[in-house]
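The structure under discussion appears below in the form of C-alpha cells.
Each reported figure results from applying straightforward, stated rules to the coordinates on display, with no laboratory input. The shown structure was predicted, so the numbers you read here are calculated from the model rather than taken from an experiment. Cβ atoms come from the backbone with ideal geometry, glycine included; neighbour counts cover every protein chain shown.
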C-alpha cells in the first residue's frame, strides 16, 4: 500500500470509530435509562404525572434534542469526524469518539463545552439519584427523547458531511503551528 492509500484507510477507520463510538455512547445511555424508567411508568401515573411526563418530554425534545444536538453539537461533531477522516493521527484515531465530541485538539470554546457539559451532566445524574419515582422516570424519559433525537440528528449530519452538501459547521480545531516556518 502506498502512503496515500494508508492515510485514506487510517482516516476511514478513525472517522468510522468516531462516528460509531459516539452513537454507541448515546444509545447505551438510552438503553440504560429505558431499563430504569419502564418499571415506574408501567406501575401507572396520575393525570398530573402524565401531564408532567408529556411536558418534560416536549421540553427535552426541544432543548436537548433540537437546540442542543441538532442545531449545535451534532453538526460540529460530524464536522470533526470529517476532519478526522481527512487528517488522521494515531492519537485522534484511537480516541476518535472523544476527539469528535471535542474533548481534545479543539478550540477553547469547544473544550469548555465538552468538559463543562460533561461535568454538569455528571452532577445532574448524581442529583437525580435522590429524586423519588415516578419523577425520576419522567426525567429519564425526557432525556431518552433528547438523546435519541441527538443520535438521529448526528447521523443525519454525518450523512450530509460525508455524502451531500456538508453541514456548514466548522470542526473547531486549533490552528496547526508550523514549527520552523515563517
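Out of every Cα-Cα pair that the chain contains, those further apart than 20 angstrom amount to 58 percent. For the chain, the longest principal axis of the C-alpha atoms and the axis of helix 108-128 are separated by about 20°. For the options 14, 55, 137, a Gaussian network treatment of the chain with springs between C-alpha atoms closer than 10 Å singles out 55 as fluctuating the most. Compared with the dominant Cα axis of the chain, that is its longest principal axis, helix 74-86 is turned about 30°.
The distance from the alpha carbon centre of the range 107-182 to that of the range 1-35 is 15 Å, rounded to a whole number.
Please give the length that would be gained between residue 162 and residue 67 if that part of the chain were fully extended, namely 0.36 nm times their separation in residues minus their C-alpha to C-alpha distance (nm, one decimal).
Numbers: separation 95, 0.36 × 95 = 34.20 nm, distance 2.25 nm.
Working it through step by step, the gained length comes to 32.0 nm.
Comparing mean-square fluctuations of 99, 56, 154 from a GNM of the chain with C-alpha springs under 10 Å, the top value falls on 56. Fewest-first ordering of 138, 121 by other beta carbons within 10 Å of each residue's beta carbon gives 121, 138.
Residues 100, 157, arranged from fewest to most other Cβ atoms within 10 angstrom of their Cβ, appear as 157, 100.
Of the candidates 37, 119, 96, which one comes out as most mobile in a Gaussian network treatment of the chain with C-alpha springs shorter than 10 Å? Between 37, 119, 96, it is 119 that shows the largest mean-square fluctuation.
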